[in-house]
Amino acid sequence: MPELPEMEAWRRALDDPVSAFPIVKAGPAHVATLKTFDPPLAALEGRKLAGAERRAKRLLFPTEDGELVLLVHLMTAGRLRYLQYGERGPKTPAFRLVFEGGSQLVLTEAGAKKRAGVWLLTPEEADQELAHLGPEALGIGAERLAEICAEESRRLHSMLRDQRVIAGIGRAWANEILHHAQLSPYELTRDVTPDEVARLAAAIDAELLRGLELRERGANDKKTYRVHGKLDEPCYVCGSPIARVDFEEHTIYYCPACQTGGRILKDRRMSRLLR
């Protein structure tokens, strides 16, 4: 799933183009993609977008008149593209906006499962839709992070991925951040020291900004991630092989030498299989 660096890179790339011309055609949208029906998508036609905004892993496109907000959640496989007039795009995107002059904003989604979502809301409804999200990860700071760790009682990797607690980080950037901070994914939030909290806060900013810079330059996953997806490859800090813990819903990548004192982490699923 695209996380804060990827979503912010998209936001920056789309901000100017989507606000250049009025919308002449909104839709069609796949029945599984459009999550609202009132107001109808046609209510966007004739209006201009004020630009692109981001909240956590979601993109928001408010109308220039302040009356409506188009909210997009890409989930795992959704992708947004801005197509210039005459540029070839998908024949049946999950969602489409056509602007005056012929440019388009299209949402595509790989695979048969349609999990990406589009909502057309009033600003008040958009605020309600996003009310469950925690503070933005980028710039959260050591003081606020210390408060969050004190309030929680869970593993660091789980906390970083919980959008209700800290918004914008998923499994991939949690792996990168914890490696940068030299902290175990399994360390409990209430056990972290003030020095570790400070390292974690600094690592959040450093890794998310590194990811944003690379994504804006068009870097792919292989060139962006240094730990995530690098099983058995040498750690970029110490050279030890990167290890992995598999769960049904996510995978943790870490360096035993840098993060766990050489200890190999176990997970319940693998432990059951080995019995």
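Think of the chain as a dipole: +1 on every Lys or Arg Cβ, -1 on every Asp or Glu Cβ, centred on the Cα centre; then among Leu60, Pro22, Leu80, Leu80 lies furthest on the positive end.
Think of the chain as a dipole: +1 on every Lys or Arg Cβ, -1 on every Asp or Glu Cβ, centred on the Cα centre; then among Gly46, Phe99, Gly261, Gly261 lies furthest on the positive end. Taking every alpha-carbon pair under 8 Å whose residues sit at least 6 apart, the chain reaches a relative contact order of 16 percent.
According to the Cα-based calculation, Rg over Rh for segment 70-155 is 1.13, with Rh computed by the Kirkwood formula.
For segment 107-256, the Cα-based Rg and Dmax, in that order, read 16.6, 52 Å.
Dipole size of segment 6-120 about its Cα centre, with +1 on Lys/Arg Cβ and -1 on Asp/Glu Cβ: approximately 600 debye, rounded to the nearest 20. Contact order for segment 175-275, expressed relative to its length and based on alpha carbon pairs under 8 Å spaced 6+ residues apart, stands at 27 percent.
Accessible area per residue for segment 162-220 is 39 Å², calculated with a 1.4 Å probe on protein heavy atoms, without ligands, DNA or RNA.
How big is the dipole moment of the chain about its Cα centre under a simple scheme where the beta carbon of each Lys and Arg is +1, that of each Asp and Glu is -1, and everything else is neutral? Debye, nearest 20, please.
Using only the charged Cβ atoms, the result is roughly 1340 debye.
Taking only complete DSSP H runs, can you tell me which helices of the chain stretch 30 Å or more along their own long axis by Cα positions and average at least -1.0 on the Kyte-Doolittle scale? Helices meeting the span and hydropathy rule in the chain are 194-216.
Normalised by 2.2 N^0.38 Å, where N is the number of residues, the C-alpha radius of gyration of segment 36-99 stands at 1.18. GNM remark for the chain: springs join alpha carbons under 10 Å apart, and the peak mean-square fluctuation among His132, His179, His157 falls on His132.
The values are calculated or read from the model by the stated rules, or taken from the named source; none is laboratory data. Bear in mind the structure is a predicted one, so any value in this text is a computation, not a measurement. Every residue, glycine among them, receives a Cβ derived from its backbone with ideal geometry; neighbour counts consider all protein chains shown. Remember, those area values only see protein heavy atoms, side chains included, never the ligands or the DNA or RNA. Shrake-Rupley method; radii C 1.70, N 1.55, O 1.52, S 1.80 Å.
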